[in-house]
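Single-structure report; data block below.
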Amino acid sequence: MRNRRTASLVAMGVAAALLPALTPAASAAAPQLRLAADPLARYTQQKPSWKRCDAQGPANFECATIKVPLDYGRPDGGKLDVAISRTKATSAEDRHGVLLLNPGGPGGTGLDMPLYLASQLPDSVKKRYDLIGFDPRGVGLSSPVGCGLNDDELDWQRPYKAETFDKDVRWARTVAEKCRKSNGAVLPHLSTRNTARDMDVIRAVLGEKKLSYLGYSYGTYLGAVYTQLFPKRADRFVLDSAVDPERVWRGMIQVWAEGAEPAFTRWTEWTAARNTTYELGRTPAEVRATFWNLVAGADKKPIPIDGLLLNGDDIRSLRVMFFYVEDAAQTVVLLKEAAEGRAPAPGATLPLRVPPTAPAPSSFARAVPSDNGDASFWSVVCADTRAWPRDPEQYRRDAIRDRAKYPLYGDFASHIKPCAFWGQGAEPATKVNNTVRALVLQNEWDPQTPLVSGKGMRRALKGSRMVTVLDGLGHGVYGTRSCADKFATAYLVTGRLPVVDVSCRTPAGRKLDGLRLPPSASPAVPGLPAAPGLPGRQDRF
């Protein structure tokens, strides 16, 4: 692509030098000459037809659809739709440019982001930026993919068991085959690398020389890939709750198991110190034993609660709750009482932590495949990298190893996935290693992208700075009124990064707001806790 673009730029320079000498008749063909010189001109020179997104929504919330090439190596070939949205900067005098937004995923819809972040971002930011949302390729209103997956095929929180291994291998192969059959030649091009290229088309279509960006979770990797492909076009990039670019994507699923163990240990210490309240053990070791005895008992006799029968694997899959120590203690007490046949107190239920969300505009009841979130998730994580093992026995060995190393979730994370049977992506994984200036935000206790992965992003972006919220809890930082907000706002408003990496602590007693982002899918197991913040599922980034 670099060689082709270099040739295109040279050709464009030659064409520009000749244009003044053209006769009036010849000059009428100038647009065709420019299109021939730049193979992407037909995309970058689009004029979006902005319309009100929803008759019942705000008048200033506008939507449009643009075209992007399916394959950037063959821009004359197939095309995809990309749906974009905007709210304009509130001050024409102070306007700096556009701020492109992404909520995470892969598979997260971002068209609604300007609405949902309107109450989270400070006025000083909204004065300076048009807020731009978009559904990434394959997602939502952007040529959505679907695989026709049924409920069982959508359930990929699968623990390793010798007796179910062959069944799980068949599940993984079936998901890959159904997606390939439904989407054919599109799948190899549903990659983060191509979505980053789509972002640059959006930048050009909006008439901007540079792009500023706010991305959460998976959106941090998307932003980092953009900085790698288009370093001179990256302006102010805030990467919130970061993915480690070196670990995409199997390693980032495995990091859930790694991150859960210290959270579990912290929970046992917190709960032991409050034994008079919860009666789960006077020491961390006793609390740990209580939990694992509960798991072992549930494997023999599932626990009835909230209309469900939970076995030990179901309980282990609740790794996210241990980042929220009080919720976890209440949940384990409730499960223990149910296992002992004691009726729960009136109104007692598993404490759910679902991200607060505003109602979705009525027009966003999207007519997309019901499995679009999962189909687009697998499409990206499988196409992005060729590092997925192809031998099912490798997954067996890794799951056994990691169950011993990370007992809470290790086998879930390392067990077989559809990517074992996926076709190769059109390109190898992007190596992120540059000096673009960016700001990485990270909570110390993030269940989806643990602190270690944020540090990995900081290493990859050598020109960046990192703000770590000590004792920070949850997935998603900017907009929660934590101590990190002032650093992100200052960077977006002035372009100035902190001189060095920063660790800060939110003042005690400050009420932290949850991020209000687009409603997301339910947890994989009904009734089980979802992570606060974003995304709502506990099996997404």
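What to note about this one:
Residue-by-condition table, conditions (1) without any contact (Cβ under 8 Å) to a residue 40 or more places away in the chain; (2) outside the structural domain of LEU214 (by TED's automatic domain parsing); (3) within 30 Å of VAL467 (Cα to Cα); (4) in contact with a Ser or Thr (Cβ under 9 Å, 6 or more places away or on another chain):
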residue	(1), (2), (3), (4)
LEU239	no, no, yes, yes
PRO262	yes, yes, yes, no
LEU280	no, yes, no, yes
ASP299	yes, yes, no, no
LEU334	yes, yes, no, yes
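- Output for segment 58-101, where each listed residue is charged (D, E, K, R) and either in contact (Cβ under 8 Å) with a residue 24 or more places away in the chain or in contact with a Phe, Trp or Tyr (Cβ under 8 Å, 6 or more places away or on another chain) (or both): GLU62, LYS67, ASP71, ASP76, ASP81, ARG86, LYS88, ASP94, ARG95
Quick grid of which residues meet (1) within 30 Å of ASN183 (Cβ to Cβ); (2) crowded, with 16+ Cβ neighbours inside 10 Å; (3) modelled with pLDDT of 95 or more:
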| site | (1), (2), (3) |
| --- | --- |
| THR6 | no, no, no |
| ALA26 | no, no, no |
| ARG34 | no, yes, no |
| LEU40 | yes, yes, yes |
| GLN45 | yes, no, yes |
| ALA55 | no, no, no |
| PRO58 | no, no, no |
| SER85 | yes, yes, yes |
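- Any hit, segment 401-417, residues being closer than 17 Å to ASP152 by Cα and in contact with an Asp or Glu (Cβ under 7 Å, 6 or more places away or on another chain): yes
- Residue in segment 224-237 that is under 27 Å from ASP398 (Cα atoms), surrounded by fewer than 21 Cβ atoms within 10 Å (Cβ to Cβ) and not small (Gly, Ala, Ser) present: no
- Against the list (1) surrounded by 19 or more Cβ atoms within 10 Å (Cβ to Cβ); (2) assigned to a loop (DSSP other than H, G, I, E, B), the condition GLY148 fails is (1).
- Criterion (of a type outside the set (Val, Ile, Thr), touching a residue at least 24 places away in the same chain (Cβ under 8 Å) and not assigned by TED's automatic domain parsing to the domain that holds TYR72) met by exactly one of ASP112, ASP155: ASP155
- Residue check for VAL332: under 23 Å from LYS161 (Cα atoms), of a type outside the set (S, T, N, Q), modelled with pLDDT of 95 or more and part of a helix (DSSP H, G or I): no
Listed here are the residues, each with its yes/no results for (1) more than 21 Å from the chain's Cα centre (by Cα); (2) farther than 21 Å from PRO58 by Cα; (3) among the polar types (S, T, N, Q); (4) surrounded by fewer than 24 Cβ atoms within 10 Å (Cβ to Cβ).
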position: PRO106; (1), (2), (3), (4): no, yes, no, no
position: GLN120; (1), (2), (3), (4): no, no, yes, yes
position: SER124; (1), (2), (3), (4): yes, no, yes, yes
position: LYS127; (1), (2), (3), (4): yes, no, no, yes
position: ILE132; (1), (2), (3), (4): no, no, no, no
position: VAL139; (1), (2), (3), (4): no, yes, no, no
position: TRP156; (1), (2), (3), (4): no, yes, no, yes
position: LYS161; (1), (2), (3), (4): yes, yes, no, yes
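- Residue check, ARG173 assigned by TED's automatic domain parsing to the domain that holds VAL477 and either in contact (Cβ under 8 Å) with a residue 40 or more places away in the chain or among the charged types (D, E, K, R) (or both): no
- Hits in segment 421-453 (condition: outside any loop (DSSP other than H, G, I, E, B) and in the same structural domain as ASP235 (by TED's automatic domain parsing)): ASN434, ALA438, LEU439, VAL440, LEU441, GLN442, ASN443, GLU444, TRP445, LEU451, VAL452, SER453
- Residues in segment 402-424 that are basic (Lys, Arg) and buried (at least 21 other Cβ atoms within 10 Å of the Cβ): ARG403, LYS417.
- Residue match in segment 373-393 (condition: within 24 Å of the chain's Cα centre (by Cα), farther than 30 Å from ASP135 by Cα, hydrophobic (A, V, I, L, M, F, W, C) and outside the structural domain of PRO447 (by TED's automatic domain parsing)): no
- Exactly one residue out of PRO159, PRO136 is in contact with a Phe, Trp or Tyr (Cβ under 7 Å, 6 or more places away or on another chain) and modelled with pLDDT of 95 or more: that is PRO159.
The values are calculated or read from the model by the stated rules, or taken from the named source; none is laboratory data. No experiment lies behind these values; they were computed from the predicted model shown. When we count neighbours, we look across all protein chains shown, and the Cβ atoms used for this are built from the backbone with ideal geometry, even at glycine.
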